[in-house]
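J.: Supplied in structure tokens, the structure appears directly below.
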Amino acid sequence: MIRKTTALLAVGAFALTGCTENNAAPAAGDARHLAVTATDDSCQVAAATAPSGTVTFSVTNSGNKVNEFYVLGSDGLRIIGEVENIGPGLSRDLVLSLAPGEYFSACKPGMVGEGIRAPFSVIDSGEQVGPAGDDKQFVDQASTAYAGYVKDQTDQLLAKTQKFVTAVKAGKDDEARTLYPDARMHWERIETVAESFGDLDPRMDAREADLEKGQAFTGWHRLEKDLWPARATGYTAMTSAERAKIADTLLADTKTLHQRTRTMSFTADEISNGAKGLLDEVAAGKVTGEEEYWSRTDLYDFQGNIDGARVAWEGLRPLLKKKDATLDGQIDKEFANLQQLLDAQKQGAGFVTYDKLSKEQVKDLSDAVNALSEPLSKMTAAVLK
Amino acid sequence: MTAVQPGGLSRRGLLAASGAGAAAAGGLSAAMMLTPGHAGATPEQAADSPAERRYDFRGEHQAGITTPAQDRMHFAAFDMDPRASREDLVALLQDWTSAAERMTDGRGAGSLGPLSGPYDAPPDDTGEAIDLPPAGLTITFGFGSSLFGGEGSGKDRFGLAARRPAALERLPHFPGDNLRQQLSDGDLCIQACSDDPQVAVHAVRNLTRIAMGRAHLRWSQLGFGRTSSTSDAQSTPRNLFGFKDGTMGLRGEETDAIDEHVWVSSGADPLAEWMTGGSYLVARKIAMRIEPWDRSSLREQERVVGRTKAEGAPLSGGTEFSQPDFAVKGRGGQPMVALDSHVGIAHPSHNDGVRLLRRGYNYVDGNDEMGRLAAGLFFIAFVTDPRTHYIPMQTKMSRDDLMQEYVQHVGSGLFAVPPGAQGDRYVGRGLFA
């Protein structure tokens, strides 16, 4: 399915230590809430000091250039937090957890150069501020693990697609029908990564309804329709030459995907947003039975998306447990609940078809997806805290 | 212009309306200011209270297009009865015209009203609007392509095929569409808007009743909370995604732009000269994926829209009404307002200067079987020609708009809206002349 997911890859601008919020209400006289007025040639921070703890900088760009605001370490190099892309006239908040010490504040009009810097001191308020520094190690571990997972899944996707394509071209339809959902599961596990390739995704995974007039219908779902034509009214089966062409292109595109995923790397927010994105995929197309309209094998895809989200979460767990153990506990519980519901629909090595589900069962699954998605959507902000 | 109705004698059927006339007279200038340069219907009776506001049904253009968008809507599409003749269709339009004229004036649907007439007969008005002022009621009629024969329905049932406007085809399939037949198309449509939902519903209910045996209700939609402004006097409302909507939409005050983008001009379509002064109504029921949207970060939401959630300013800077500057680059050299953001896709500068007069409404139809809010936007736009003013833009949106991830189009209709009924003529008379 073509989805313009910005969850992975597109949104990588988050700094590890910073996060922005726009709704932190400024309390009058709050020493931890500082207004920053940035112009094209000045950077006025309301105060040069703040008590240690959670500090909010409300940055207003009063100039004509795009601006950004930084808090830097005492060496003037280490970025403690930043908020970028503040258009002229707009305001953004930067919320940071600051330990006692010396820092620099900096605006960067036009987003170039060293910026307009000023010393900034954080005075010990006695409040415990979480340790920083070793988070990077957790992120590196998560990134390595997730990149490995993506590689492994595309390895399996390629191998199984190869078998599927061979069966399709040989006219072994029963075998192809068995291989189809199994191979696609590997696509679904890494769907937010796979569909980030805008050239491949429409060719490989577009549903017929996603196409515009005159656009070619190719890829997995084109073959799906030919293998399960029962719901297609007035459908004319493809010739073996047509089938071979679609199948060969699918395989070639899978090889391209495989090759491109060899060297990918991921940041914490990409992994985390990817997990949420996979749950969105479930909510949008799988739990509604829209994704596999012809074969009704939606629950395989469902499981694939959930697997992918779980792996992403597991990679980030050490960091999340440190930052927000309660949230981690919620996610843990909801993954288990959802999996239990899915397990109840297992049949042999796979799942029952979507049309076998009662309305109540679909509702239960949907509720469970919501129950998991809600805490999962908070993971990015938590791990970047 | 008549500023004061004579005594309000027949308002909603004989119920006293003392004070309404006086209030209306006193508020004339205020209401005039509320509707400056109003190109279609003029306020027949003006009032400083929105509830007392009323718009003349008759005029060069139909009311409900450039009229300042009211807060509520009841939209309905009808199919002609298979047995209905051309004469039945004409008679229906005549009956609808007189009922609409009465109801927009604050009177009952029939000449007797809800409480008069034979005691042993059902009243000719259903009565739920007794005591209610018109609250700015407008009623707008349109013709679907199926009324003109061809296109599946086969034969030319009403002898209108030769006068079918070239622009009146079914809208094409757009990527991602999941249209339901029971929420799409129709031979006729009625858009009833009012600041009081009961007044709008009353209008559609009575017009449906009048049509029985000649035309049958095919589908309808209730809307609340206008999602666009059609007058400078209005503030920009928010849609169910929590963002201001329709900031760039055409306003009634922009009369030159309205002439260019909304009304059909003489000579535009030789087969359909009867459409001169009319417009085309595009209706799309757009389901919103509320739950995933609510779980997306503010960063993602603003990126998708291309504007700030707080004020609605473009991310390139400025205030709500600043033009987005697509040349302004942020971190990584990327445009601050993404070209595939909602604003980036829909902006006139990326659509050959095309602008739409939007009149959409929020809707919530309870919830679906999965316990998700069945909510979204009932999009209505009035355009001079859908082939230039809707189809190309929607094609691009459906393909590239980041917001597509959070919406699904489930209903669709295109209707030719004839010019206003002038003098003592009925609406659409030009088609049968």
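The values are calculated or read from the model by the stated rules, or taken from the named source; none is laboratory data. It should be emphasised that the depicted structure is a prediction, and the values quoted were computed from it without experimental measurement. No Cβ is skipped: glycine too gets one built from the backbone with ideal geometry, and neighbour counts run over all protein chains shown. Side chains included, ligands, DNA and RNA excluded: accessible areas come from the protein's heavy atoms. Shrake-Rupley method; radii C 1.70, N 1.55, O 1.52, S 1.80 Å.
J.: Per the Debye formula with a single identical scatterer at each Cα and no solvent contribution, what log10 I(q)/I(0) holds for chain B at q = 0.06, 0.07, 0.11, 0.13 Å⁻¹?
T.: -0.25, -0.34, -0.84, -1.16
J.: Follow-up question, since we're still on this one. Please compute, for the alpha-carbon atoms of the stretch B:101-185, the extent along each of the three principal axes and give them in descending order in Å.
T.: 50, 34, 22
J.: Show me B:133-142, A:86-95 ranked by packing, highest mean number of other Cβ atoms within 10 Å first. Could you put the intermediate results ahead of the total?
T.: On the way: B:133-142: 27.5, A:86-95: 23.0.
The densest-packed peptide leads the list: B:133-142, A:86-95.
J.: Still on this model: For the stretch B:279-332, report the % of Cα-Cα distances exceeding 13 Å. Present the calculation step by step, with values, prior to reporting the outcome.
T.: On the way: 993 of 1431 pairs.
The proportion of pairs with Cα distances above 13 Å equals 69 percent.
J.: Which residue, chosen from A:304, B:310, B:147, occupies the Cα position most advanced towards the positive end of the dipole of the protein assembly as shown, where the dipole is computed from +1 (Lys, Arg) and -1 (Asp, Glu) charges on Cβ about the Cα centre?
T.: B:147
J.: Now, a different point. Compute the signed sum of charges (Lys and Arg +1, Asp and Glu -1) over the other residues within less than 14 Å, Cβ to Cβ, of residue B:350.
T.: Numbers: positive: B:355, B:396, B:399; negative: B:325, B:340, B:352, B:400, B:401.
Combined, the nearby Lys, Arg, Asp and Glu give -2.
J.: Please build a GNM for chain B, connecting alpha carbons under 10 Å apart, and tell me which residue among B:367, B:206, B:239 fluctuates the most.
T.: It is B:367.
J.: So for the pair residue A:140, residue A:349, with labels modelled 7 Å out along Cα→Cβ, what separation do we get in nm?
T.: 4.0 nm
J.: Now a separate question. Roughly how crowded by other chains is peptide A:228-234, in terms of the mean Cβ count from those chains within 10 Å of each of its Cβ atoms?
T.: Working: counts 0, 0, 0, 0, 0, 0, 0.
Other-chain Cβ atoms within 10 Å of each residue's Cβ, averaged: 0.
J.: What's log10 of I(q)/I(0) for the stretch A:133-384 at q = 0.07, 0.14, 0.15 Å⁻¹, Debye sum over Cα points only, no solvent?
T.: -0.25, -0.95, -1.07
J.: Continuing with this model, one more query. Can you tell me, using C-alpha contacts under 8 Å and at least 6 residues apart, the relative contact order of the stretch A:133-384 as a whole percent? Don't skip to the end; give the middle numbers.
T.: Working: 296 pairs, mean separation 62.8, N = 252.
Relative CO of the stretch A:133-384 lands at 25 percent.
J.: Once you have the alpha carbon radius of gyration of the stretch B:323-433, what is it after dividing by 2.2 N^0.38 Å, with N set to its residue count?
T.: In units of the 2.2 N^0.38 Å rule of thumb, it is 1.43.
J.: Enter the Cα centre distance for the pair the stretch B:253-274 and the stretch A:163-239, rounded to the nearest angstrom.
T.: Result: 46 Å between the Cα centres.
J.: Can you quote the Å³ per residue value for the convex hull of the Cα atoms in the stretch A:310-362, rounded to an integer?
T.: Numbers: hull volume 4.8 nm³, N = 53.
Each residue corresponds to 90 Å³ of Cα convex hull volume.
J.: Using a Gaussian network model of chain B with C-alpha springs under 10 Å, which one of B:124, B:195, B:256 is most mobile by mean-square fluctuation?
T.: For chain B, modelled as a Gaussian network with Cα springs under 10 Å, the answer is B:256.
J.: Residues of chain B: accessible area per residue at 1.4 Å, in Å²?
T.: 37 Å²
J.: Relative to the longest principal Cα axis of chain A, at what angle does helix A:173-189 sit, 0 to 90 degrees, rounded to 10?
T.: Tilt relative to chain A: about 0 degrees.
J.: In vacuum, with every alpha carbon of the stretch B:195-280 counted as one equal point scatterer, what does the Debye formula give for log10 I(q)/I(0) at q = 0.19 Å⁻¹? Two decimals, please.
T.: -1.05
J.: With n ≥ 4 as the cut-off for DSSP H runs, can you work out [θ] at 222 nm for chain A, using -39500 (n - 2.57) per run divided by the number of residues, rounded to the nearest 500? Please list the in-between numbers first.
T.: Details: 11 runs with 173 residues, N = 385.
After summing the helix terms and dividing by the residues of chain A, the value is -15000 deg cm²/dmol.
J.: Let me ask something additional. With a 1.4 Å probe on protein heavy atoms only, tell me which residues of the stretch B:250-296 lose at least 50 Å² of accessible surface in the complex relative to the chain by itself.
T.: B:289, B:295
J.: State, to one decimal in nm, how far the label point of residue B:364 lies from the label point of residue B:255, with both points 7 Å from Cα in the Cβ direction.
T.: 4.1 nm
J.: What is the magnitude of the charge dipole of the stretch A:133-384 about its Cα centre, with +1 placed on the Cβ of each Lys and Arg, -1 on the Cβ of each Asp and Glu, and no other charges, expressed in debye to the nearest 20? Before the final figure, lay out the partial values.
T.: On the way: 34 positive and 44 negative charges, 101 e Å.
That gives the stretch A:133-384 a dipole magnitude of about 480 debye.
J.: If you count, for each residue, the other Cβ atoms within 10 Å and average over each peptide, how do A:298-305, A:157-164 line up from highest to lowest? Don't skip to the answer; put the middle values down first.
T.: Numbers: A:298-305: 25.2, A:157-164: 19.4.
Final packing ranking: A:298-305, A:157-164.
J.: Sticking with this structure for a sec: So how many Å³ per residue does the convex hull of the Cα atoms of the protein assembly as shown work out to?
T.: 190 Å³
J.: Just the number, please: percent antiparallel of the DSSP beta bridges in the stretch A:33-123, rounded to the nearest 5. Walk me through the intermediate numbers first.
T.: Details: 27 of 36 bridges.
Bridges in the stretch A:33-123 are about 75 percent antiparallel.
J.: Where in the stretch B:398-418 does accessible area fall by at least 20 Å² between the isolated chain and the complete protein assembly, at a 1.4 Å probe radius?
T.: B:399, B:402, B:405, B:408
J.: A follow-up question, please. Note down the net charge around residue B:335, summing +1 for each Lys or Arg and -1 for each Asp or Glu among other residues with Cβ under 13 Å from its Cβ. Intermediate values should be presented prior to the final figure.
T.: Details: positive: B:303, B:329, B:331; negative: B:325, B:340.
My count for the surroundings of residue B:335 gives +1.
J.: Give the peptides B:410-416, B:394-400 in descending order of average Cβ contacts within 10 Å, highest first.
T.: On the way: B:410-416: 24.1, B:394-400: 19.4.
Descending packing order for the listed peptides: B:410-416, B:394-400.
J.: Under 15 Å Cα-Cα from residue A:65, which aspartates and glutamates qualify once same-chain neighbours fewer than 8 residues away are excluded?
T.: Output for residue A:65: A:40, A:41, A:84, B:325.
J.: Right, here's the next one. If you count, for every residue in A:79-89, the Cβ atoms of partner chains within 10 Å of its Cβ, what is the mean?
T.: Working: counts 0, 0, 0, 1, 0, 3, 12, 4, 14, 8, 9.
That works out to 5 on average.
J.: May I pose another question? Give the lysines whose C-alpha is closer than 29 Å to that of residue A:169, dropping any in the same chain fewer than 8 places away, or say none.
T.: Within the straight-line cut-off, residue A:169 pairs with A:151, A:160, A:213, A:225, A:245, A:255, A:286.
J.: If you don't mind, another one. Is there a quick way to get the dipole size of the stretch A:214-295? I mean about its Cα centre, with the Cβ of Lys and Arg at +1 and of Asp and Glu at -1; what is the value in debye to the nearest 20?
T.: On the way: 10 positive and 12 negative charges, 56 e Å.
The calculated dipole for the stretch A:214-295 is roughly 260 debye.
J.: What size of dipole, in debye to the nearest 20, comes out for chain B about its Cα centre when the only charges are +1 on Lys and Arg C-beta atoms and -1 on Asp and Glu C-beta atoms?
T.: Values: 43 positive and 52 negative charges, 118 e Å.
That gives chain B a dipole magnitude of about 560 debye.
J.: Right, something else. Can you pull the mean other chain C-beta count within 10 Å for peptide A:339-348? Please report the intermediate quantities before stating the final value.
T.: Working: counts 0, 0, 0, 0, 0, 0, 0, 0, 0, 0.
Mean partner-chain Cβ count within 10 Å for A:339-348: 0.
J.: Roughly how many percent of the accessible protein surface of chain B is carbon and sulfur, given a 1.4 Å probe and a whole-percent answer? Write out the running numbers ahead of the final one.
T.: Values: 8580 of 15880 Å².
C and S atoms contribute 54 percent here.
J.: Now for a different question. With the calculation restricted to Cα positions, what are the radius of gyration and Dmax of the stretch A:33-123 in angstrom?
T.: Rg then Dmax for the stretch A:33-123, in Å: 11.8, 34.
J.: Sequence gap at least 6, Cα distance under 8 Å: using those rules, report the relative contact order of chain B to the nearest whole percent. Don't skip to the answer; put the middle values down first.
T.: Numbers: 1033 pairs, mean separation 90.5, N = 433.
Once divided by the residue count of chain B, the mean separation gives 21 percent.
J.: Roughly how many nanometres apart are two label points built 7 Å out from the Cα toward the Cβ at residue B:116 and residue B:232?
T.: It works out to 4.3 nm between the two label points.
J.: Okay, moving on. Among residues other than residue A:71 whose Cβ falls under 14 Å from its Cβ, what is the net charge (Lys/Arg +1, Asp/Glu -1)?
T.: Numbers: positive: A:32, A:78, A:92, A:108, A:117; negative: A:68, A:75, A:82, A:84, A:93, A:102.
That works out to -1.
J.: Could you run the numbers on buried accessible area between A and B, total for both chains, 1.4 angstrom probe, in Å² to the nearest 100? Don't skip to the end; give the middle numbers.
T.: Details: alone 17420 and 17580 Å², together 31680 Å².
About 3300 Å² of accessible surface is lost on pairing.
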